Amino acid sequence: MNLLDSLSGAPSPDQGAPVCSRKACRNDARWQLLWNNPRIHTPERRKTWLSCEDHRGWLEDYLRTRGLWKETLPLGPDAGSGAAGTDEGGQE
């Protein structure tokens, strides 16, 4: 299974706090990892994965190794409303 075609990390409004995008992790997200795939996205487009403290390094490394990572930002307090703009989720 391709990592980029997997789960959505975006919470629906009734799910509460956003969770980490790492496969099988249900920890609260603390970081947003912004990325794009230059082969299919315009340069200004940013997709977002969410990360807990434990998986931030793993997810960043995965994206960096593939040349997709752009930046990592703290997850804002309004993220529970879906404002983080999460498009895709991560997995192994």
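Nothing in this text is a laboratory measurement; each read-out follows from the coordinates by a stated rule. Everything quoted here is computed from the prediction, not taken from an experiment. Glycine also receives a Cβ, built like all others from the backbone with ideal geometry; neighbour counts cover every protein chain displayed.
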Report the label-to-label distance for W58 and A24 in nanometres (one decimal), using points 7 Å from each Cα along the Cα→Cβ vector.
0.9 nm
For V19, enumerate residues with amide H under 5 Å from its amide H, sequence gap 5+ or separate chain, H modeled in the peptide plane.
A29
Protection proxy (average C-beta count within 10 Å per residue), highest first, orders 23-35, 55-67 as 23-35, 55-67
Just subtract the alpha-carbon distance of I40 and R66 from 0.36 nm times their residue separation and send over the number in nm, one decimal.
8.0 nm
